[in-house]
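Written out below as structure tokens is the structure these notes cover.
Bear in mind these aren't lab numbers, they're just calculated from the coordinates by the rules spelled out. Keep in mind that this is a model prediction, so the values were computed, not measured. Here the Cβ positions follow ideal geometry from the backbone for every residue, glycine too, while neighbour counts run over all protein chains shown.
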Amino acid sequence: MSTDPNCIFCKIAAGQIPSKKAYEDEEILAFHDIQPWAPVHLLLVPKAHIASMVEVGPEHAPLLGRMMALGPRLMREQGVTNGFRTIVNTGADGGQEVPHLHIHFIGGPRPWNKG
Ligand code: 5GP
Ligand code: ZN
């Protein structure tokens, strides 16, 4: 599995930087965003370093499928029962700040801080 020693989400995935984890398996980590937009704001990341959706190829389809299928389950576990947003920012114009692929799952009762 390829990781980038300078990447903050690789460090979080490796446990070198602490995070509030919601789920973990061999391939995927879910943790709470440090600046949540809403009562529940999870980030789902692959443990392997994939910089963004631009780098995604057919070989990643099972992993991305698992991440998309996992999100709703985790939101339910976090008590989200009235819907949520699913966001992937890609590249500079896409507003991506951390160059390690992540899926935002954002929900909980409104009003939200953002979004
Ligand atoms: P982006 O704008 O790249 O889609 O989203 C990056 C997200 O990562 C932001 O919502 C930001 O709050 C979150 N984030 C950045 N650094 C950290 C960190 O060290 N820990 C956690 N838990 N979240 C982070
Ligand atoms: Zn990374």
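Just one of the listed residues (51, 38, 13) is surrounded by 18 or more Cβ atoms within 10 Å (Cβ to Cβ), out of contact with any helix residue (DSSP H, G or I) (no Cβ under 9 Å at 6 or more places or on another chain), under 16 Å from residue 1 (Cβ atoms) and among the aliphatic types (A, V, I, L, M), namely 13. Only a single item in (1) at positive phi; (2) part of a strand (DSSP E or B) is not met by residue 45, and it is number (1).
Of all residues in the range 79-98, those that are buried (at least 19 other Cβ atoms within 10 Å of the Cβ) and in a loop (DSSP other than H, G, I, E, B) total 1.
Considering only residues that are touching a residue at least 12 places away in the same chain (Cβ under 8 Å) and surrounded by fewer than 20 Cβ atoms within 10 Å (Cβ to Cβ), look in the range 20-29 and name the one that is farthest from the chain's Cα centre (by Cα).
Start the filter on the range 20-29 by keeping residues that are touching a residue at least 12 places away in the same chain (Cβ under 8 Å), which leaves 20, 22-23, 26-29.
Then drop every residue that is not surrounded by fewer than 20 Cβ atoms within 10 Å (Cβ to Cβ), which leaves 20, 22-23, 26-28.
Working: 20: 12, 22: 11, 23: 11, 26: 15, 27: 12, 28: 9 Å.
This residue is 26.
Identify the residue in the range 65-78 that is among the aliphatic types (A, V, I, L, M) and more than 22 Å from residue 11 (Cβ to Cβ) and, among all such residues, is surrounded by the most Cβ atoms within 10 Å (Cβ to Cβ). Top of the filtered list is 75. Would you confirm, using the coordinates I've provided, whether residue 32 is within 14 Å of ligand 1 (Cβ to nearest atom), touching a residue at least 60 places away in the same chain (Cβ under 8 Å) and surrounded by 14 or more Cβ atoms within 10 Å (Cβ to Cβ)? Here the answer is no, as residue 32 does not meet what is asked.
Criterion first (without any contact (Cβ under 8 Å) to a residue 12 or more places away in the chain, of a type outside the set (A, V, I, L, M, F, W, C) and part of a helix (DSSP H, G or I)) does residue 71 satisfy it? I'd like the intermediate steps shown before the answer.
Working: without any contact (Cβ under 8 Å) to a residue 12 or more places away in the chain: no; of a type outside the set (A, V, I, L, M, F, W, C): yes; part of a helix (DSSP H, G or I): yes.
Taking the combined requirement at face value, the residue does not satisfy it.
Could you list all residues from the range 99-115 that are of a type outside the set (Gly, Ala, Ser), away from ligand 2 (no atom under 15 Å from the Cβ) and not in a loop (DSSP other than H, G, I, E, B)?
Passing the criteria: 104, 105, 106.
I'm trying to understand the selection: among the residues of the range 74-101, which are polar (S, T, N, Q), more than 9 Å from ligand 1 (Cβ to nearest atom) and out of contact with any strand residue (DSSP E or B) (no Cβ under 7 Å at 6 or more places or on another chain)? If the condition is that a residue be polar (S, T, N, Q), more than 9 Å from ligand 1 (Cβ to nearest atom) and out of contact with any strand residue (DSSP E or B) (no Cβ under 7 Å at 6 or more places or on another chain), then 81, 82 are the ones that fit.
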